[in-house]
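Contents: one structure, followed by commentary.
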Amino acid sequence: MIGWLRRVDPAFYHKEPQLLRTQAQIARYTDEAQAEVRLSVLTADWMLHAATTIVALSAYVAATGAGALDPRGDWLRVWAFAVIAVAAPRALPWWPRVDRDATWRHALIGSALIAIPALWTRTDPAVLGVASLAGATLYVARGRARVALLVLAVGALFGVRIPAHPLFAAALVGVLAAGAGVLGVSVIARVWRPRPQVVTWAAFATLLVACAYTFAFDAPTVALRVPFEIAAIAVAYLGVCIMAGRIRQAELIARPAGVLSIPQSIVPLLDRSHHHAIICWLA
Amino acid sequence: MTRSSGIELRIAPPIGIVVLGGSLVAVTMAGAPHPALRALVVFVVVFPLLWIALATTLSYTTARALRMAAIELPSRTRAMGSFQLALTLGHGGHAFPAIGVLTNARFSTADIVLDSGPWAEIPILMAGRVATSRWDVMVKQRGMLRVGPFRAAVELPGSAIRATAVFDAAHVIRVLPAVYQLQPFVDALLAGRHLAVGRFQTLPAAIEEYVGAREYRPGDSPKLIHRVLSLRTRDPYQFYVREFQDPSRDDLSLVLDTAPPLDGGSALHRYRLEKAICFVCALCRTFAARRLTVRFVCQRAARDVVTLRLRPLDADLDRLEMELANLDLTGDRATLGRILLREVRRHGAAVIFVSLRPREQVEQQRLPMVTLTPDHVPVFTREVVSQ
């Protein structure tokens with residue numbers, strides 16, 4: 001009879017040990033996998049991109065004193081703010097992959113940011129020159145060079161404030177800003193997986209730091225246009241709130257639809273899928 | 001509706017609090033020396049604080065206002081089968097609706113615990129209303145499945161806390177063994193040992209009792225014809241005969257091995273026990289469906305031998321499955337040997353021994369019975385029926 005049984009299912013004698021050694025496949029339920037799915041949802045969310053752009057543009061308006069900053073005298077700071085306003089949102093992880101025409105668009109946006117408000121108040125070839133400079137640097141600095149451009153812009157913002165040693169100050173602040181940026185990105189990337197809402201607080205903090213810089217160095221200019229400043233910052237805050245809502249929605253969309261028990265368990269015969277005692281999924 | 005037994009608070013990451021706090025201090029220090037900017041500084045500082053405070057307060061109060069209205073789940077299920085679990089929550093608050101409520105349940109069976117989700121979302125729950133979250137649950141391990149406590153988490157965007165209402169209600173579901181569908185040639189187990197096809201006694205003995213009627217078959221004694229029933233039929237050539245059965249006699253003894261291995265390898269042995277239990281369950285069902293009386297014997301614990309007499313009744317099979325649901329490797333070799341000897345000595349019944357050993361032991365070879373090793377089980381099994 002044993003011989004007959006072997007003929008019926010000879011492979012089974014070798015299957016059983018393999019079944020016991022089979023490990024549970026749980027990759028798509030880890031925090032890492034969830035963060036990846038969440039990021040892909042955010043990458044496809046045009047409303048989040050619009051909100052991010054609104055936040056950046058509103059912050060630019062607030063930082064430049066709602067157009068009160070003179071592009072002729074403070075051209076370096078205006079250039080730096082414009083570069084940061086265009087390049088920083090595009091460095092965020094959920095920004096979609098740029099296409100061939102994106103560099104042109106970014107250059108035009110950077111130029112327009114400087115030119116339009118300045119042309120509104122005072123038409124000057126120097127203003128157009130600063131706008132062209134911003135557009136050119138944004139066009140030249142593509143891909144990873146954008147990070148260097150951001151560091152340079154942050155360094156320039158502080159370098160101009162120390163006239164005695166502008167280059168030293170710019171380099172020092174640039175290095176510090178780069179270090180802080182790397183640290184911040186690594187911390188946020190680590191916290192982002194379990195608590196995605198930390199991004200909301202980081203956005204609030206970024207706006208507050210920009211405001212602190214403006215209040216510290218351009219208080220007389222900003223004081224002339226307080227209502228406009230409040231309006232610009234209010235729009236930026238509302239943009240952050242929209243971002244928070246979109247991130248929360250992505251968090252819900254990316255949550256696992258099912259969960260398997262860990263570790264593997266012993267289950268009856270003929271279940272060749274995986275050895276979990278409990279499987280639960282959303283109805 | 002049941003109130004939550006407690007609220008679990010999960011505070012925002014410290015790094016987030018530090019960064020935001022530092023930024024608030026920086027902007028306050030930068031703007032304080034300029035009286036002309038006072039309104040601007042107040043707005044810049046107060047807006048995020050108000051937003052966070054409002055989101056935090058709403059998250060906490062909403063979690064506190066949640067009530068558990070009902071839980072829908074079966075009292076028993078079958079391994080490899082799935083059931084639907086439903087949790088109905090009510091909102092006992094008066095003002096704001098609960099937005100984005102996430103619910104989950106904890107599952108545990110034996111030493112395995114599943115308490116990480118999945119989180120089912122209730123998008124919006126208006127005050128005074130109820131809403132239901134549903135899950136499909138598949139249990140693959142027989143025994144007792146504990147469902148609960150249940151959790152409902154609220155975390156509004158920007159909130160500094162994640163407030164989770166915990167409902168301590170715990171429910172127990174008995175998970176019966178999986179149902180195997182056996183091959184039709186499983187009758188071969190009884191070949192030469194028992195007249196499995198039907199009864200051939202000509203007349204009832206004094207001890208036998210009436211169990212029912214069936215159609216007349218050639219060879220049946222005319223004395224057994226059920227006259228009243230036969231006269232009721234329209235066909236004058238159709239007859240029914242009475243059937244009798246000895247209540248003290250079983251057709252089949254089925255003994256299950258529950259002794260742990262002597263040489264380690266408990267994982268493999270446990271796996272074989274699971275297979276054997278499902279197989280025995282299916283075997284009993286199959287033979288009972290053929291109107292055979294099965295005597296099931298196994299050792300449940302030390303000095304505790306279970307003997308179930310399974311007639312072709314649903315109640316008996318239910319009793320068997322309840323017994324099998326809690327069976328474990330708690331037998332011993334000596335008791336098993338005594339059980340086998342006793343069953344073989346019983347008159348008239350065929351004995352099938354479902355062993356966990358890969359080979360038939362020498363002492364078992366001497367006994368007139370069928371020994372099924374783990375290798376035989378897949379041969380007689382066609383598939384697992386999920387429900």
Original post:
Volume per residue, Å³, of the convex hull around the alpha-carbon atoms of the range A:38-116?
Top reply: 87
Original post:
Is there a simple number for the mean count of other chain Cβ atoms within 10 Å of the Cβ of residues in B:101-107, and what is it?
Top reply: 2
Original post:
In cubic angstrom, how much convex hull volume per residue do the alpha carbon atoms of the range A:129-184 span?
Top reply: 82
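Using a 10 Å cut-off around each Cβ, can you sort B:18, A:86, A:235, A:127 from fewest to most neighbouring Cβ atoms?
Values: B:18 11, A:86 28, A:235 16, A:127 21.
Ascending number of Cβ neighbours within 10 Å: B:18, A:235, A:127, A:86.
Would you mind estimating how fast chain B diffuses translationally, via Stokes-Einstein at 4 °C and 1.567 mPa s with the Kirkwood radius over Cα pairs, in µm²/s? Could the numbers behind the result be given before it?
On the way: Rh = 26.5 Å.
The estimated diffusion coefficient comes to 49 µm²/s.
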Original post:
When you count, for each residue, the other Cβ atoms within 10 Å and take the mean per peptide, how do B:103-112, A:170-179, A:51-60, A:96-105 rank with the highest first?
Top reply: A:51-60, B:103-112, A:170-179, A:96-105
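Between residue B:233 and residue B:185, what length comes free when the chain is fully extended (0.36 nm per residue of separation minus the Cα-Cα distance, one decimal in nm)? Can you show the working numbers first?
Values: separation 48, 0.36 × 48 = 17.28 nm, distance 3.46 nm.
Taking residue B:233 through residue B:185 to full extension adds about 13.8 nm, to one decimal.
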Subject >> Theoretical FRET efficiency, 1/(1+(r/R0)^6), r = Cβ-Cβ of residue B:334 and residue B:170, R0 56 Å, to 0.05 >> reply: 0.90
Subject >> Interchain or long-range residues, amide H under 5 Å from residue A:259's placed H >> reply: A:280, A:281
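Run the dipole for chain B about the Cα centre, Lys and Arg Cβ at +1, Asp and Glu Cβ at -1, nothing else charged, and hand back the magnitude in debye, nearest 20. Spell out each step's value before the answer.
On the way: 47 positive and 34 negative charges, 109 e Å.
Its charge dipole is roughly 520 debye.
Could you work out the relative contact order of the range B:295-359? I mean the mean sequence separation of Cα pairs under 8 Å and 6+ apart, divided by the number of residues, in percent. Numbers along the way, then the final one.
Values: 43 pairs, mean separation 17.3, N = 65.
In percent, rounded to a whole number, it is 27.
Highest mean first, what order results for A:131-142, B:355-366 on Cβ atoms within 10 Å? Mind dumping the intermediate values first?
Values: A:131-142: 19.2, B:355-366: 14.3.
For the peptides A:131-142, B:355-366, the packing ranking is A:131-142, B:355-366.
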Original post:
If you take the charge dipole of the protein assembly as shown about its Cα centre, with +1 on Lys and Arg Cβ and -1 on Asp and Glu Cβ, which of B:41, A:208, B:173 is farthest toward its positive end?
Top reply: B:173
Original post:
How crowded by other chains is B:47-57, given as the mean number of beta carbons from other chains within 10 Å of each beta carbon?
Top reply: 3
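Helix-derived [θ] at 222 nm for chain B: sum -39500 (n - 2.57) over DSSP H runs of at least 4, divide by residue count, nearest 500? Each step should come with its number before you reach the end.
Working: 8 runs with 109 residues, N = 387.
Computed ellipticity for chain B at 222 nm equals -9000 deg cm²/dmol.
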Subject >> Three principal axis lengths of the range B:1-156 [C-alpha, angstrom, descending] >> reply: 74, 35, 22
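Arranged by the count of other C-beta atoms within 10 angstrom, fewest first, what order do B:115, B:220 take? Can you show the working numbers first?
Details: B:115 12, B:220 21.
Least crowded to most crowded, the residues run B:115, B:220.
How many partner chain Cβ atoms sit within 10 Å of a residue's Cβ in peptide A:245-251, on average, as a whole number?
Details: counts 4, 1, 1, 7, 2, 0, 5.
So the per-residue partner count for this stretch is 3.
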Original post:
Size of the dipole of the protein assembly as shown about the Cα centre, Lys and Arg at +1 and Asp and Glu at -1 on the beta carbon, nothing else charged, in debye to 20?
Top reply: 860
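Based on the alpha carbons, how large is the Rg to Rh ratio for the protein assembly as shown when Rh follows Kirkwood? Intermediate values should be presented prior to the final figure.
Working: Rg = 38.1 Å, Rh = 31.3 Å.
Rounded to two decimals, Rg over Rh is 1.22.
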**OP:** Please report how far the C-alpha centroid of the range B:317-369 lies from that of the range A:95-116, rounded to the nearest whole angstrom.
**Re:** 80
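If the only charges are +1 at each Lys and Arg Cβ and -1 at each Asp and Glu Cβ, what is the size of the charge dipole of the range B:1-176 around the Cα centre, to the nearest 20 debye? Numbers along the way, then the final one.
On the way: 16 positive and 8 negative charges, 92 e Å.
Here the size comes out at about 440 debye.
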**OP:** Please list, in chain and number order, the residues 5+ apart from residue B:93 or on another chain whose amide H is under 5 Å from its amide H, with Hs placed from the backbone.
**Re:** B:128
Subject >> Per-residue HN-Hα couplings for the range B:118-126 [Karplus 6.51, -1.76, 1.60; θ = phi - 60°; Hz; x = Gly/Pro] >> reply: x, 7, 9, 9, 10, x, 8, 10, 6
Subject >> Of all DSSP beta bridges in the protein assembly as shown, antiparallel share, percent nearest 5 >> reply: 80
**OP:** Could you pull out every residue, at least 5 positions away or on a different chain, whose amide H is within less than 5 Å of the one on residue B:171? Hs are placed 1.01 Å off N in the peptide plane, and Pro or chain starts have none.
**Re:** B:147, B:148
Original post:
Under a plain spin-label model, where a point goes 7 Å from the Cα along Cα-to-Cβ, how far apart in nm are residue B:115 and residue A:95?
Top reply: 4.3
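Laboratory data are not the source of any read-out in this text; all were calculated from the coordinates shown. Here the structure is a predicted model, which is why all the values come from computation and not from measurement. Note that each Cβ is placed from the backbone with ideal geometry, even for glycine, and that neighbours are counted across all protein chains shown.
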